[in-house]
Each structure stands twice: as structure tokens, then as C-alpha cells.
1. Could you work out how much longer the chain between S51 and A290 gets when fully extended? Use 0.36 nm per residue separation minus the Cα distance between them, nm to one decimal.
2. If I take all pairs of Cα atoms in the range 245-402, what percentage of them are more than 27 Å from each other?
3. Return the percentage of antiparallel bridges among DSSP beta bridges fully within the chain, rounded to the nearest 5 %.
4. Relative to the present Cα-Cα distance, how much length would full extension add between D117 and K160 at 0.36 nm per residue of separation?
5. Using only C-alpha atoms and all pairs of different ones, pull out the Kirkwood radius for the chain in Å with one decimal.
6. Rounded to the nearest 0.05, what FRET efficiency do N354 and T443 have when you use their Cβ-Cβ distance and R0 = 35 Å?
7. Taking 20 °C and 1.002 mPa s as the conditions, I'd like the Stokes-Einstein D for the range 334-382 in µm²/s, using the Kirkwood hydrodynamic radius from alpha carbon pairs.
8. For the range 390-507, taking Cα atoms only, what is the radius of gyration to one decimal and the Dmax to the nearest whole Å?
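Laboratory data are not the source of any read-out in this text; all were calculated from the coordinates shown. As the structure is a prediction and not an experimental result, all values here were calculated from the model. Quick reminder, even Gly has a Cβ in these numbers, built from the backbone with ideal geometry, and neighbours come from all protein chains shown.
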Amino acid sequence: MSDHIYFFDTTLRDGEQSPGATMNLQEKLGLAHQLEKLGVDVLEAGFPATSPGDFESVKTIARQAGDMQIAGLCRCLEPDIDRCWEAVKYAKNSRIHTVLATSPVHMEHKLRKSPEDVLKMIEAGVRHCASYTDNVEFSAEDAARSDRDFLCRAAETAIKAGARVVNIPDTVGYAQPWEFAEFVRYIIENTPNADKAVFSVHCHNDLGLAVANTLAAIKAGARQAEVTLSGIGERAGNAALEEVVMALTVRKDYFGVTHNIVTEQLYPSCRMLSLTIGRPIPDNKAVIGANAFAHESGIHQDGVLKNPETYEIMTPQSVGRTESTLVIGKHSGRNAVRNKFENMGYKLDDTQLNVLFEAVKHLADRKKTLHNDDLIALIQEEIYRMPDRFRLRHVSVLSSDCGVPPTAAVIIDVDGEEKKSTGFGVGPVDALFKVISDILGQTPELEQYAINAITGGPDALGEVTVRLRENGYTSMGRGAHSDVLVASAKAYVNAINNLEKRKQEYKRPHE
Ligand code: KIV
Ligand code: ZN
């Protein structure tokens, strides 16, 4: 058996199913580019049959990918498979990932099919996939709750019909590590022709065991791990890529396996995701959190000063948590800015460089030191954001403690036409949001408002995220600025733009 583990990243598919994690095409392309740099072997770009928007993103990512394999998900049904191939076929290396449930509860209540009918569907579906490509993955949904001998028959059928990867998902996060290891070992040992396929696992985190189950399965012979950045995904999420990777890396002595992940890109990748979906990385998050390498107690500090190995099993540098400052201020040239972004992995065309150059200068006027995170925030803000219907132009807020209610004045371009208004609120943020709602004629419910300092120090860039809800649609918005009120206004307008886009996207399939 090979000792190489393939990483299959599903941040853009299962990860996007996490509530509030919807991404637009530009954002997905930015992440896909970063995931390629991170060294993932397979990127699952989406589920093309679900919506025209998903189809377009998978197709665009496929066109732009390098050697990384691009997978699309589809049910085990011909029209789904055709649609999936239509989108992924543009990649240099395309994979069709087809899924059908094999557990008694799913077969009886969801599919309303007998086990024999399910085997026939697997045979026909996988064969249809294999008529397009020999890179076919079959997933037995809810495998962890399936009968193990039936699962062996399902895997055998899929392999015979042309699947080269057989995935064993713990769809509902029910398995326990020892039990799952034993289960996976049984399937591999009892499936005829198992050596013709790579066995994979895809674990959900409902009981907080996704990473443990993934590692246990690897120990038992699985050779592909399906994971997401920071573990985002349906419900409680998936196994966190960075945790599985670092467990295999730090404990190479125990697992004895290799992988292609560039560990120094772990933090930059998770940070990019966090900025994209507007969800800060918790301080105590394993591997990449701000406290993962901070030693607080005196005894620990003393030990680390004498020898870091006393309390550090990995270095911040090994996961890319290095703080590098930009020695570029307002007097630096365009080339220095281009070089800095290129060193961080962003290739810019001339138009993008011009936009970013202006933004860097503008920020450098207000902030002495620019950190990598400030720059990632700028690129998210200026480049990866889709063209918006509503563009914030100017904001002014007055606030006092002498009984006069906070007042806001705002100017916004609506479809290119300038609109302005003023008004009061209970607090300055409330005043701003009321005036913006008034100008745009929209009054969504504010579900969440959060401020986060992107970097340390009094001149830190403030990052505001808001979540809005209207008629069952939800959207996230993000804004970064050295003035948190301006950041708040940007986040609010961004969320309203995203809400508009969501409504349009949902309308399209029914037109
Ligand atoms: O959780 C699951 O079973 C899935 C499959 C599509 C692999 O996401
Ligand atoms: Zn899943």
C-alpha cells in the first residue's frame, strides 16, 4: 500500500454549505488559487447541477486551474453527471465525484429504493461518469451508518464500473475513532479489487471527532482525506485540513505517511478564508489561532526561553504564522508593491496593480506599518469583490455625550447615480445603518455585527462583519478601514449588495 496521502479540499463545496459562508466567483477564484499554492491534490469546486451560479464557478475555476485536479460533485443520475462534466471538463485534470447513499435509513426514507436498486444505480451512474473520464470518485453517502458487507458490495460495484476513488463519508459525524478505523479497514480488506482504487474518507464534526476519525482512517489504510480550511462545512463542519496535515507532519514517526501540502501556506490560506467569509479565526483554534504559539504561564515561558522544544511541538513559521511587515510607505514605488503582493502569492495584472497601489498609498497615509494581513484585507476589498450596484462614497458621523443623538450623513452611488441622506440613531452605527437603509430603500434585519482588529496597535485596521436577513435570504458583508465607523458602513453596504446578488441567484433557475 502506498504511504502517500492525497488531500481533497472541499472548502468551496461542502464548506460553502456552512451557514453564512456563501462566496462569490471572484472570492472562489482567489481561494482556488491559494489552495493550489497550498498544494492540495484535488479541489472540489462545487456542485454544478444545483444552480447556474455554481455551474459557472466550477467552469471558471476549472479553466483557470493549473495541475491541481478539479472535481465537481453530482448525484448518481445521468443529467447531474452530464452537467458536472460540462463544467469540469475544462480543467487540465478533471474529476467527476458522484454520490449515492448506502445506509438503510437513507435508502428507505430518502431514496425510497431497495439495496439492489441502489447497486444498479451505482453501476449505471459510475459507468456513465467513466464514459467521460477515468478520473471518477464514488461516495457512499452515510457510509458510516451503512451495513459493512453491503458497503463492500457497493464499493466493488463502483470499482468494476470504473471508479478510481471510493469515498467512505461519515456524513452525520456519528462514528468513533476506534470503530471507524476498524470499519474502514474491514471495507478495504473485504472489497474485491480494492487495490484498483484509492480509499478515501470524509468526516463531519457533529461530535467534534472529524479530525480524529480522519486520522484513525488513515492509520487503517485510507489514502485520501477530504477536508476543508478551518473545518468549515455543513452543520458542525468537516475535518480541518490544517489539523490533519499538522498531525501527519508533526507525528510522521507515528503515521509514516507523506503528503504534498506546503505547511507554510496553512495560515495564509485559513486567513484568506476568514476574510472572505467574514468569520474571524478563534484565538484558541488549533494550529493557526493567535494563541496557538503564545505562552502565558511563567513556567512555560521560562521553558520556551531555555529551549522552545519544551512546550512547542511545531514552530509558527512551519504553519506560516510569521509576522512580516511591509517596508513600504507612501513614498514607495509601484514595483515594490507588485513584488510584495507577488511574494505573498498574488499575481496582479496592471489594472489590479493600479487599484491596489492607490489603496496601499491611501492606507499608508493613515497607518505607519502595513502587515501582511492588512494587505490581504486590501486585496479582498479591492480586487475580489464583485462589481456592486451600490457603492459607498462618503460617510460622516457625529457623536457626543451631551444628549444630542448621533448623526450620520452618507453619500452612495446607486447604479451610478449619486444619492445622499442624513439621519439620527441610538448610537453612531445605528445612525449610519438607518441612513444607508433609507437611501437604498431596504430594511433588512441585522442578525450579527462584529468588529475585529486585523493587526495590533492603535492604528490597526478595523474589520467589521455584518450578517443581514430579509425574506429568508441571508448575506454577509465585510468592510475594513482604519476608522471602524467607515468599516461598518462599508460592511453594511457590502452585505446589502450581497443580499441583492443572492436574490438574483435564487431567481435564475426558476425563470
Ligand atoms: O457528507 C457527505 O456525505 C458529503 C458527500 C457528498 C461526500 O458531503
Ligand atoms: Zn459532507
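1. Extra length from S51 to A290 when fully extended: 82.3 nm.
2. In whole percent, the long-distance tail amounts to 42.
3. 50 percent
4. 13.8 nm
5. Numbers: mean 1/r = 0.0408 Å⁻¹.
Computed over Cα pairs of the chain, the Kirkwood hydrodynamic radius comes out at 24.5 Å.
6. According to the calculation, E is roughly 0.40.
7. My calculation gives 199 µm²/s for D.
8. Looking at the range 390-507, its Cα Rg and Dmax stand at 14.2, 48 Å.
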